[in-house]
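Structure first, then comments.
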Amino acid sequence: MAITGGCHCGAIRYQVEGDPIVHGLCHCADCRRSAGAPMVGWLMFPSAALKVTKGTPKAYKSSEHGRRHFCPDCGSGLFYYNEQMLPDLVDLQSATLDDPNAIPPQAHIQVAERLGWMKDVHTLPSFDRYPPMG
Ligand SMILES: [Zn+2]
Ligand SMILES: [Zn+2]
């Protein structure tokens, strides 16, 4: 099956073939700061399975061997490569899929760097939209 996705503005579109190797929710500090979000979902595929079908992502060297690819127009984070740690593999940010509900995550990873309050967020009050305004 072909899985499709893209950035927020639509300048970058991609397609991946086959089944993902794993879907993890990463709590590392690099992902957090890069995304500006408490955690980032990553779907791993063989890098040959990924085709960028529209536009050209920009690569940012986020660590010695890590490369984060993002949309130069809207800033959406898209792909992560690390030829040292993850040779011939690509991680793609699962929230950029056209249907991010389709492939549930299997694990939390890098929880050694997780924000302390993240482990209890499921206990917070929830609202369909926003809390009532006083
Ligand atoms: Zn974009
Ligand atoms: Zn991470």
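Between rounded, prolate and oblate, where does the stretch 29-99 land on the alpha carbon gyration tensor, with a ≥ b ≥ c its root eigenvalues, rounded for a/c under 1.5, else prolate if a/b exceeds b/c? Rounded. Accessible area ranking (1.4 Å probe, heavy atoms, ligands and nucleic acids excluded), largest first, for ASP19, ASP128: ASP128, ASP19.
The portion of the accessible surface of the chain made up by carbon and sulfur, rounded to a whole percent, is 54 (1.4 Å probe; DNA, RNA and ligands excluded).
Among the protein heavy atoms, those of CYS71 account for about 0 Å² of accessible surface (1.4 Å probe, every chain in place). Distance from the C-alpha centroid of the stretch 49-70 to that of the stretch 95-123: 22 Å, rounded to the whole angstrom.
Label sites at SER62 and ASP19, each approximated as a point 7 angstrom past Cα along Cα to Cβ, lie 2.7 nm apart. On the basis of the beta-carbon distance and an R0 of 35 Å, SER47 and MET133 show a calculated FRET efficiency of 0.15.
PHE127 contributes an accessible area of around 100 Å² to the protein surface, as traced by a 1.4 Å probe with all chains present.
What the chain shows is 64 Å² of accessible area per residue, with the surface traced by a 1.4 Å probe over protein heavy atoms. When the Cα convex hull of the chain is projected onto planes of every orientation, the mean area is 9.7 nm². Using r as the Cβ-Cβ distance of CYS9 and HIS122, and R0 as 35 Å, what FRET efficiency do you calculate, to the nearest 0.05? Approximately 0.65, to the nearest 0.05. Report note on the peptides 87-95, 22-30, 48-56: ranked by the mean count of other C-beta atoms within 10 Å, highest first, their order is 87-95, 22-30, 48-56.
The values are calculated or read from the model by the stated rules, or taken from the named source; none is laboratory data. Nothing here was measured: the structure is a model prediction, and the numbers come from that model. Here the Cβ is made from the backbone with ideal geometry for all residues, glycine too, and neighbour counts use every protein chain on show. To get the accessible areas, we keep the full protein, side chains included, count just its heavy atoms, and leave off ligands, DNA and RNA. Shrake-Rupley method; radii C 1.70, N 1.55, O 1.52, S 1.80 Å.
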